[in-house]
Every structure is written in C-alpha cells, then in structure tokens.
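> To start, I am sharing the structure in question, which I have written as structure tokens.
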Amino acid sequence: MAISIEQAYIDTFEDNVIHLAQQKQSRLIGQVTVKSKQSAAHNWERIGPTDFSEKAGPRQATPENDTPWSRRVSQPKPYDNGDTVEQDDIMQMLVEPKSAIAQNFAMGSNRNKDDVIIAAATADALDGDGNLNAFPASQEVGDYTTPISLDLINEMDMKFYDNDIDPDEPKCVVISPFQRKTLLGLLEVTSGDFQGDSMALRNGYLPNFLGYDWIVSTRLLEPVVDQVDCLAFTQKAIGLQINRDLSTRVAEDPSTSFMWRLYAFQQLGAVRVEDEHIVRLKLADA
C-alpha cells in the first residue's frame, strides 16, 4: 500500500495534495511520428532515392531503376504502475487519494513515453530482415570532453545539410539542464546583436535558435558520470507505436479488506526510422 499516506491525515491540516517536483507532460511526443496500431509490431516503410540520367537519343529503352525499399520495425512493450488505498485512510483524509494517485500515474505515463523515445533514438534499430542496425558513427559529434558550443552546433547542423535534409523540416535539440546553462553563457545566444528578440536574455528561453526547437530534459542517457547523449532530430527520425495509451482501473479488492486498488498500464514501442534525420551530441555534462 501507499506507506506514506499517513502524512496526509487530517491532523496535518492540509486540504490539497502537493505533487512533488516531477516532469508532468511528455516533452518529446510532439517531436516524433506517432502511429496508433494494435499489433505485435509495426513496419515503418522507407524508400531510398533514385537519380535521373541523360537520355542518349531518340527511341531509347525506357529506364528501369530498382527503387530501394526498406523498413524499420517497432515492437511495443507493456508498462504498468499500481498502488492501493485502505478504506480507513480515505476516512481520515481531507483529500481524495484515489484521484491524486491517478494524476500521479498520468504524469508517470508521460515520462515513460519520453524514456521510450530517448532509448530508441540511439539503440540498435530492427529492420525488416531481422537485422539490428547500430547507430551510425557518421551521425555523431563530440567526444564527451567538452560541453555544447557553437562549433559543435554548427557541426551538428552540417550533418543535416550533408544528408540533404530539407531546411524547412522542423527540427529540435534535446539538451540537459547543464547544456542549457552553457548555452546561456554564450554571447551569440543571449545578445540582441545575434538574435533580434533576445528572449534568452530576458527569461532563459531559447526561441528557435538557429532554426531548432530547444527542449530541456533530465531523462537523457548518461554513458558515465558527467557525460550525456544529447539529441537533435526531425519528426521523421523516430517512430512511436502506441498500441494502448494510458488506461487506468480503480476497483475495490474484496480479498483485502475491500481496499481500493489502482492500476495503470500502457503499451508502446519506438524505433529509429531514418538515421539521416538524427544526430547524437556526445557532451561533457559538468
């Protein structure tokens, strides 16, 4: 059961539940491609480029170029959470604990989505032939020895241009709080001479700096202490398959003093769909 629930008894004189500091919303689900498919796996079909060639003369045979088709495969997994509330606890509290716990589950569900997306970004990606494709070294910048800098950002940006990613394609960069602190220490980020409306200087917000949406996350992968894998990607880079979005059940359990049992579950999986649309920044984080 919720062993800390006595802290909300009436003798505390509290009439509201205070949710301790935690990420409440998913920060990344709007930055990836989402498919709601109820299946054991989902195939993300990919098509490669074919090029034109000069026609040598009249009445030439019609060209036939084999268009390169391939696929990446997402495999969703189940995730769940649960708790119980004694009938006696409800009678001694000024708040409705079941509602507060359900809200807590919802926030945990959103963080779970971000964790799945982040893990899939650089994990081995399953293809249609059953092969695992490692994250390409050509899509990495940095070596964990320095934090983010304008040179690294320009190197990252060049990767997208080298891969012929449409400049109009919306892109984001997911960074840690320390990288945000480092960015705000750069004159080019905060000065009105470099940005017409320097929101970064006034309130710490990075407004579409260099054409990227900047997202701060505390959930990025850390290879070792004081290292972090930051990510830059387009919406086409990662596919998120949601078989079942957050679902909750609340019921009395007759086998245990009719206590209220709360259960929440969801089923989802993600895969890196297009390597060319994502860059890993290997940064020092201290």
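Derivation of every value follows stated rules applied to the coordinates shown; laboratory data play no part. Bear in mind that the values here come from a model prediction, so they are computed numbers and not experimental data. Quick reminder, even Gly has a Cβ in these numbers, built from the backbone with ideal geometry, and neighbours come from all protein chains shown.
> Applying the Karplus parametrisation 6.51 cos²θ - 1.76 cosθ + 1.60 with θ = phi - 60° to the phi angles of segment 144-157, what ³J(HN,Hα) value in whole Hz is obtained for each residue in order, glycine and proline being reported as x?
Each residue of segment 144-157 in turn: 6, 9, 9, x, 5, 8, 5, 5, 5, 5, 5, 5, 4, 5 Hz.
> For SER109, what charge total do you get from the other residues with a beta carbon under 12 Å from its beta carbon, if Lys and Arg give +1 and Asp and Glu give -1? Walk me through the numbers on the way to the answer.
On the way: positive: LYS24, ARG111, LYS113, ARG244; negative: ASP80, ASP114, ASP115, ASP245.
Local charge sum for SER109: 0.
> Moving on. Can you list the chymotrypsin sites (Phe, Trp or Tyr not before Pro) in segment 241-281 that are in a DSSP coil and have 10 or fewer other beta carbons within 10 angstrom?
none
> List ARG46, ARG111 from most exposed to least, where exposure is judged by having the fewest other Cβ atoms within 10 Å. Don't jump to the answer; show the numbers that get you there.
Values: ARG46 15, ARG111 18.
Lowest count first: ARG46, ARG111.
> Whole angstrom only: what separates the Cα centroid of segment 209-281 from the Cα centroid of segment 37-79?
Going from one Cα centre to the other spans 28 Å.
> Here's something else I'd like to know. Can you give the net charge of the other residues whose Cβ lies under 15 Å from the Cβ of VAL73, counting K and R as +1 and D and E as -1?
Numbers: positive: LYS35, LYS37, ARG46, ARG71, ARG72, LYS77, ARG272; negative: GLU45, ASP124, ASP127, ASP129, GLU274, ASP275.
With Lys, Arg at +1 and Asp, Glu at -1, the neighbours total +1.
> Could you work out the local net charge near PHE178, counting Lys and Arg as +1, Asp and Glu as -1, over the other residues with Cβ closer than 10 Å to its Cβ? Write out the running numbers ahead of the final one.
Details: positive: ARG180, LYS181; negative: ASP226, ASP285.
Summing Lys and Arg as +1 and Asp and Glu as -1 gives 0.
> Still on this structure, I have one more. Going through the cross-link list LYS113/LYS282; LYS55/LYS171; LYS35/LYS159; LYS24/LYS282; LYS24/LYS236, which pairs have a Cα-Cα distance over 30 Å in this structure? Kindly include the intermediate steps, with their values, before the conclusion.
Details: LYS113/LYS282 22 Å; LYS55/LYS171 38 Å; LYS35/LYS159 27 Å; LYS24/LYS282 27 Å; LYS24/LYS236 25 Å.
Correct reply: LYS55/LYS171.
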